1. Can you list the HN-Hα couplings for region 53-64, worked out from phi with the Karplus curve (6.51, -1.76, 1.60; θ = phi - 60°), rounded to whole Hz and with x for Gly and Pro?
2. State, to one decimal in nm, how far the label point of R184 lies from the label point of D30, with both points 7 Å from Cα in the Cβ direction.
3. At a Förster distance of 25 Å, what's the computed FRET efficiency of H44 paired with Q90, Cβ-Cβ distance as r, to 0.05?
4. Can you give the % of DSSP beta bridges in region 51-148 that are antiparallel, to the nearest 5?
5. Please work out the Cα center distance from region 78-105 to region 25-55, rounded to the nearest Å.
6. Using only C-alpha atoms and all pairs of different ones, pull out the Kirkwood radius for the chain in Å with one decimal.
7. Pull up all non-local amide H partners of V103: gap of 5 or more, or a different chain, and H-to-H distance under 5 Å with H placed in the peptide plane.
8. Please name whichever of V194, F2, G148 sits farthest to the positive end of the charge dipole of the chain, dipole taken about the Cα centre and charges placed at Cβ: Lys and Arg +1, Asp and Glu -1.
Amino acid sequence: MFRTRVHNLLVSADGYAAGDYVTLEKPIGDAGALFRNFDGRVIHGVHGTRDPVTADRAFFSMWGQGVGAEIMGRRKYGPQSGEWPDDGWQGWWGDEPPFLTPVFILTHHPRESMEFANGTSFHFVDAPAAEALRLAREAAGGLDVRIGGGPSTVNEFLEADLVDFLHIVIVPVVLGSGVRLWDRLAGLENRFTVESVSTSSGLTHQLWNRNRTV
């Protein structure tokens, strides 16, 4: 069954999932402390490293399983705003983006698509959440669609009731400011069954599965 999924979304103890401002030097603003225990090498599976297969790494490796397309907000793609500059920017990831699928980037300034040798393609769309999900689902070839962030984009899809699964990682840091995940979502927990697993690293993995009876 097709699902819309969120994975590896790191959230501080006070509810922030990114900094207020994104720059070339700080891709998530002043929220770098969220990533102190995140091992990005395992997003394509724990077979890619000889390190121990810990609970954290196992959870992080679910990111790409069964996913056929991604949707992300513009701030996850880059620090630019307004009309696109002619600077050759291809995203934070250079010539080898890790997605390996079509990626739909939400922006008020559509532009030509980009394709990469590893199967990743970037498509820039000016569309509300439901329309973007329709486009991504068509491109996913029967697989799931991942809502890749940032937190404002995830919040938009949650508010529109378009998310079936969330993997939220609560990080034991207090940021005090930034972009919050949970605004305008009072009662969200009533739509989901929530399971929490804490690990020795101090992280708490929350698995939110949509309650199909709601």
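Here, each number is a calculation from the coordinates, and none is a lab measurement. Just so you know, these numbers come straight off a predicted model, no measurement behind them. Cβ: placed from backbone, ideal geometry, glycine included. Neighbour counts: every protein chain shown.
1. Residue by residue, region 53-64 yields 7, 8, 4, 4, 5, 5, 5, 4, 6, 5, 3, x Hz.
2. In this crude label model, R184 to D30 measures out at 2.5 nm.
3. Working: r = 20 Å, r/R0 = 0.79.
In this case the efficiency is close to 0.80.
4. Numbers: 2 of 15 bridges.
Taking every DSSP beta bridge within region 51-148, about 15 percent pair in antiparallel fashion.
5. 20
6. On the way: mean 1/r = 0.0563 Å⁻¹.
The answer is 17.8 Å.
7. Residues meeting the criterion, in which the H sits 1.01 Å from N, are E70, S121, F122, H123.
8. The one lying farthest along the dipole's positive direction is V194.
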